[in-house]
Structures are given as structure tokens and as C-alpha cells.
1. Which members of segment 810-840 meet the condition of being closer than 24 Å to residue 579 by Cβ, part of a loop (DSSP other than H, G, I, E, B) and touching an Asp or Glu at 6+ places or on another chain (Cβ under 8 Å)?
2. So which helices (runs of 4 or more DSSP H) are wholly in segment 47-95 and hold at least 3 residues that are at pLDDT 95 or above?
3. In the list 704, 730, 699, which residue meets the criterion of being among the polar types (S, T, N, Q), modelled with pLDDT of 95 or more and out of contact with any Ser or Thr (no Cβ under 6 Å at 6 or more places or on another chain)?
4. Would you call residue 122 out of contact with any Leu (no Cβ under 8 Å at 6 or more places or on another chain), among the polar types (S, T, N, Q) and in contact (Cβ under 8 Å) with a residue 60 or more places away in the chain?
5. Quick check on this structure: which one of 415, 427, 460, 496 is closer than 26 Å to residue 605 by Cβ and either touching a residue at least 60 places away in the same chain (Cβ under 8 Å) or touching a helix residue (DSSP H, G or I) at 6+ places or on another chain (Cβ under 7 Å) (or both)?
6. Please tell me if residue 570 is surrounded by fewer than 21 Cβ atoms within 10 Å (Cβ to Cβ), closer than 24 Å to residue 621 by Cβ, among the basic types (Lys, Arg) and touching a residue at least 24 places away in the same chain (Cβ under 8 Å).
7. Take the residues in segment 806-826 that are open to solvent by 40 Å² or more (accessible area, probe 1.4 Å) and hydrophobic (A, V, I, L, M, F, W, C); name whichever of them is nearest to the chain's Cα centre (by Cα).
8. Looking at segment 361-376, which of its residues are open to solvent by less than 70 Å² (accessible area, probe 1.4 Å) and not small (Gly, Ala, Ser)?
Amino acid sequence: MKNHVKKRCHRLTLVLMGLVAWTSLFVACKDSYPYDDKEPDWLGDNIYDYLDSKGTFTNMVRIINELDYKEVLSKTGSKTLFVADDAAFNRFYENNAWGVKRYEDLSLSQKNLLLKFAMIDNAYLIETLSNYYNGQALDEGSAIRRMTAVSLLDSIPYVKSDMLPNTTYWKDVKAKNGIYLLQDATEWPMVHLLQKSLKHHSITDNDFKVMTGIDREENDAHIFQNKVIERDIACKNGYVNVLQNVLVPPSNMASYIKTKTELSEFSNMLDRFCAPYYDRTNTINYKTYLAGRGINFTDSIYELRYFAKQGGSLVYPNSAKIDESLLLSFDPSWNSYVYQYGALQSDMGVIFAPTNKALDDYFNSGRGRALKERYGNWQAVPNDKLSLLLNRHMRESLINSIPSNFHKMVDNNSSPIGAKPSDIVDSLNYVGVNGLVYVTNNIYPPDDYVSVYGPALFSSKTTILNWAIKQYKYNLYLNSMVNSYAFIAPTNTALSHYIDPLTYGTDDPTVIKFWYDDSPAAQKVKATVYHYDKATGMKGDSITTIEEDAFIKSRLVRVLDQSIIVGDVKHANVFTDNYYVTKDGNFVKANNIANIEGQSSSTVVNFQGGDDIVRNRHVQLSDSGIYHQDNGTTFFVDSLVQTPFQSVYKVLSDTVKYPSFSAFYDLLSGFPNNNVFLRKKNYYGIDFNVKFFNTFRYTVYVPTNDAIEDAYRKNIIPRWENVNKVTDPTVKDSLVKRLERFVRYHFQDNSVFIHPSQHVNELYQTATIKNDSTDSYLNTYINKFYRLKVETNQDGGLDLTTEYTGDRDAQNNVKPYKVSVIKAGGLYNIMTRDYVFSLDPSSLTSYTTTTYSKSEITTSSTAVIHQINKVLRFE
């Protein structure tokens, strides 16, 4: 009998091969099966008869009979069935997750799962399973999943309360003894890993080994991690494929992670993002389903759902909206997972699940220091911080996450993940119905954790700063791993004393205390304004509290910009004392910073802005100290590094403090029509601003009074008293322009400082344009800005070489015209800042009006001033 059946099946195989050849001009997703509606006269065996006649599939035949599927599998039609023989069942009874020791122990729902999950409603050869219709187009070779005949109602698990998550969302249902709980209310697909699809997606045998823990050979076929040992047995109503082991329906990724003790910490993290949702539809359907079998079901069915952007819930069980920061990338229990840029058949999700040891090692290592300092353990990390870590370990596409491409993987911010095949514990990896779980002995922290932003994100001392960083999207900047930064992070204490530049030059200066209103209706930073005594630096009585977004933003953004040093406080990758430029073009002086490598705190390191230097004040580190992050160093400070309040005008016009600047100032102030200093509508500053400054950083070289007088005597420039005596407007205008071009040549783009760690040898543009084709010493072209060559000399000062070509040696060669910065007397490295405000500060009559609350700091330019021994010449 067995030989007779075998011959008939073999005969059908030959017939089908001929049919396949005949239909080779056509492409179909399923086999072109000719006997869906009729059978050939000579064909007498169907799937049921084949299994029954073999004698080695008695367990499967018993299941078919008890579920009344004999007629279904005996009729003509088209099915694809994956079966296990009795030897496989014997192994199954010895060890299985269900605790079943013999056939008689199988429940009805388990029998349903063993049969229906192994059945596909269509006839497919193994390799044609790799094809599917994507809309109207056939997609060949890309399918790795397909729906089965299993129904949700085939198995509604009853979960005891002690097995439910221990979070607030589960409190009410845990009060019961247990609940009927669907792990997900979508259908369970089958995953088939076949030669054609593996090749299509460039998944190598080495990849397969890492992914599944299985060594495969060419043309091997696997259903999940279960090998097909006999394939494409053709019968009149479909195909039979024999598996190496019993196909127990795998769970989804979240359910698998929950079963592994090695992943319990990660599973507990996921549990914090799920809740039970009453499932009315399936409750009614299940009642009807059981009523047909004479069973009266009176309970309720719940569905476990994760808070997730894809496939999950966007609302809590009470219908309240979930904040986006508390959403996972996708629901890890979503059985019918669909990649947003693909289809169910062609892709599935991935989770990199760190072991408990990996998570503990990170938390207790240097990289996790800021996290541990704030929270103490993983359980205390808030959900909005934890979601960043979880989403970093959740990948939306398996096809984009194969081991040979780990080095190409990036997150949603295009930041490299950093996973390596050697991280993977392949013996624990799992192919679930909705994706692949890579068990990893490493973790891949999000940029928010390991960047210079991380300490501010976690610390209770920086809640205001953290709010501002997220509110104004500065986390995207600070999280850049292709750059390095020093982040001088102001604590809440530091931000309680912000001197408002807009009122600083008035008779009633103010200081602002920023504070975070954590009431449910607010959840934002507000600003309380106080009177301020510049002489004592003390805060006076409060005036008003401002909530205007523009007011707060314009000031906090300035704080952020002047707290970020691009490139870290390093020179040649070594921590070095120096002047460092901040994001907004200000400069910060770092002191005693050379020996902080590896240190977490220091009482010596300090910083100074321009105003700090004026007042001989040093900004010390807070108790939290120093954090060495992956893209730089974070320093916590309890007072703000104070940038200059003095403008270029203020310094040059202060003839009492800087008497040797007076001649240059008189020259600048003599221009008609505000050619250098101005104060106009929409360009208001603390006092007067340099007209040609444009939100950049500059150097101003100020000749001594003697140097200016020497230039007058040598007729290099005319005196204003002589210019103003000229009556011919054309001549007078030419003299004014000559003086303006001379003056502007003393204003240089880019700030250059004198410091032992700073060595300069560069060409810099000035503010004077070359308007002719005559030769210049530095070979500047016409219509380009004249330049200066700036070099650090042997004494640590600066020497300037100009464009002037008027001096000749004995051989009539041009002698360079050199000027030096004067170090004696200390009139160098004087920092200034020209602010631009949205209104005239002097027009403010009250700080309680909307005029002030709507005021903004528009922009600013910075400059450093040096005294030089001669005037600068270019012609």
C-alpha cells in the first residue's frame, strides 16, 4: 500500500513538472494547480490519504480526525501542509514548552494550533513561497512570511495574575485571579527562510548562522528555525512538506523575551510600555464560537497592546492620548507586523535584546555614570528616558538588519548603531512570528545617553537646561557624533541668575530667574524678573513673571549657544588651557584644564567669559563635576559663564580706563552719518554698535595715540579738523572715504587671542575692499577684502604683516610692513559683544508691560581688542 501511494505521488510530481514547463511563460505567486475543481481519473490520493497511508504520521492523522479536518484534507482544493512524523512527536513529548508528555495531554486549542498553523490555504512549492503579489505586481523572491490557517479563536490563553506585568496599567486586572489575554489581536504569520528569498535579500549562510544559530547548506529550507527534511510531496489537493521537528507556533518577539530569564531586565523594561485593552469584538466572537460547541463563556477578553507608533496604541485604556516621548517605534507583540515601507510578506521587525549582564555592566561602567548617579538602577529610570534606549534596540526592518550589514545600521537620526556580529549570542536568537530577536551581550545606548547632552538629560540639577535643549531641538546638535564639544552645562542654580543684556545698559538693570513649572497644565519654563544691582551683583525685589515663549527662547538660546564649545577644550586632542570659541562666536577662557583626563571632578578647573575676566571672577565646577562622553566633555557649573556686556564702542570711548585708545576713538567718532558706530531702529544695542559687524567674531587693532599722531604727521591720513574745513563736497567726500577705508583696515574677521597655547600663522580678511588692480603685498585681488597676515612671535605676542608695499630696501625690493601687538600694559585680549535687540532699551518705562515681555535678543557680534604699536596700512 505504501509503495502504491508513493508511486502515485511520484507520478503526479512528473505530471506537475510537465505542467510547470508548459506554464513557464506565465508567472504566478502560487503554484498553477490544475486540480482545484477536478481531479484526473488516475489520481486517487489526497493529503489525508497520503499521511494516513504512510503510517509514520499517526499523531498528525489523529489531530486531523479529532478536529474534523479529514474531509477538508481529503477533498480537492489546494493546501500546503507542514507536518512532523511520529519520531519528531516523540522528541516533542520529551521536552516542550507546553509540558505535554503524550498525545492525550494535548488540549483542543493546542491541537488546533499544531494543525492550522502548519497549513497554508493555497498550494505552493517551497520556492514559490518566496513570491507574492504586491498590489498588482508580482514580487519574486522577496517573501519571507505568509498567513496560515490558524484563527485567533483557536487559542485564547488564560493568564494568571502573577504572570501579568507589575505596572500601574495592570493594577485593576491583577486584582483578579487571572484574565483571558490575547498577546496580540492580529493573525499569526508563518516565517519561511528559503534559498530563493535568502539570496534575494543577500542573506549569506554566515548571516543565517548568526541570525538563527543554525548551520545551513545551499537549498536548505526552514520554517522558522525548523528544517524541512522532505519537500514538495505532491498530492491531488496540495503539497506536503515534512519538518525535522514538530511545528509549535512560535510566539512574537515580546512574548519570547518574556520567557528568557537571561532577558528579564529588558522584558521588564518593555512591560512598562504596555497595558490591557478590553477586546469587545473578540469577546463576542469567542462567546459565539464556544456556544456552537455547547460552552457558555461569560468572561471578558483583553488584548495586550504596547504604546507604539506602528501597530500599537496611541492612547491609554482610558482613551487619554499618550505623549510621543512614551511611544515605542513599533508594537513588539504585533503578530502581523508590517514594515512601513514594505508588506507583511517581505519583511519583519528586529529587536536587539541585551542580556541582564550587558545592562548591568553598562549601568555600572563609566559610560553609565550619569544615569546611575541620577536613578540608581534601571527600574527608577523614567519611561521617557527609557524609551530612548528601547527604541535604539528596535529595528523596523530585518532586511536592513542582517549581520553582514550591521556596520551600516543607523537609527532614525542617522547615527550608527555600533552592533557587531560578535556581540550576538546566536544560541539564544529567536525567529518569532513578527520578527527576529538578536540576543546581545552588549547594549547600544542612544546618542542622548552618551553624548555631551546625556548628563543634562539625566541630572535633577539641570531640569531647566534639559527642557530648553529639547524645546529648541538642541539635542540634535549636541548628539552629533561626528563632532566633538565641550558643554559647560548651567545647572538650575546657574539659571536662577541670568543678567538680562537688554536692560543692562539702562538705569534699572534686571536679572532673571528661570524656573520649571511642573504643574500638569504648564510643564514649561517661566521667567521671574528681579531688580539687579550691578555694583554688588545682588538680586533685588521681584518685578514680574513672564511666560512669553519668544522672551524665554531668545534668552535661553543665547545661554545654550554660549555654553557650547565646538571641538571640546582640547588642542591636538589634549585638554589644554586656552581661549575657545563657542557656538555663537563668543569666547570662553578655560583655566587649569590640562589634567582632567579621566577625572570626574575637579576643584581647580574654571572658566571665564569676557565679563568674568573684567571682574576677576572664575566660574567653578559644581559638585557633579566632569563627564567624559563619547563626543566630548560636559562640565556642570552653578553660575553662568558671563560673556561681555561691554561693546567695542564702550571700550574705545572709555578714555579714563583706556586713555591710549582715545586718538583712535576720536578718529572713529569723527565720521558723519554714523559710518562706524550707529544706533538705529531695529538695530538697538546696549549702547552703540559697529556698523559693519554682522553676527560674527572679529579682532579690532587699536593703534596707540602716538601711532595715530605719527600717521597724521606723515600725512598717511588727514586730521578731521582739516577735512571739515574743505568746502568742495567732492574732495571732502574722497577724504572721508579715505579715512573710512583706513579705519576699516583695523577691523579683522575672526578673533585672534594671545595665549601660550595659541599659535597663529594665518591670513585674515579685514573690512576694507581692494578697489583697484595695483599690487599688494599679500596679493589680494580686486574687489576682495584686503588681508592681514597674523603670526605668533617668539615672545608669544602677535606680529601683523600688512598689504603695504611702499617701503623698499637698497635693492628696491618691497619690505614687509610689520606691526606688533603691544603686550606691555595688558591692553590686549579685551573681549566685547555688540548686542542687537528688538527694541530700544531706553524706551522701557515698565517691566510689567507687554513691551518688555515681548522683547527679544535678536543677535550679537563679538570682538577682541588689541593695542598695536603702529597704524595698519594697505596702500
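1. If the condition is that a residue be closer than 24 Å to residue 579 by Cβ, part of a loop (DSSP other than H, G, I, E, B) and touching an Asp or Glu at 6+ places or on another chain (Cβ under 8 Å), then 823 is the only one that fits.
2. It comes to 47-54, 58-66, 86-94.
3. Of the residues listed, the single one that is among the polar types (S, T, N, Q), modelled with pLDDT of 95 or more and out of contact with any Ser or Thr (no Cβ under 6 Å at 6 or more places or on another chain) is 730.
4. Yes, satisfied.
5. 460
6. yes
7. Only one residue tops the list, namely 822.
8. 362, 363, 369, 371, 375
The values are calculated or read from the model by the stated rules, or taken from the named source; none is laboratory data. What you see is a predicted model, and the numbers here were worked out from it, not measured in a lab. When we count neighbours, we look across all protein chains shown, and the Cβ atoms used for this are built from the backbone with ideal geometry, even at glycine. Note: accessible area is taken over every heavy atom of the protein model, side chains too, but ligands, DNA and RNA are not part of it. Shrake-Rupley method; radii C 1.70, N 1.55, O 1.52, S 1.80 Å.
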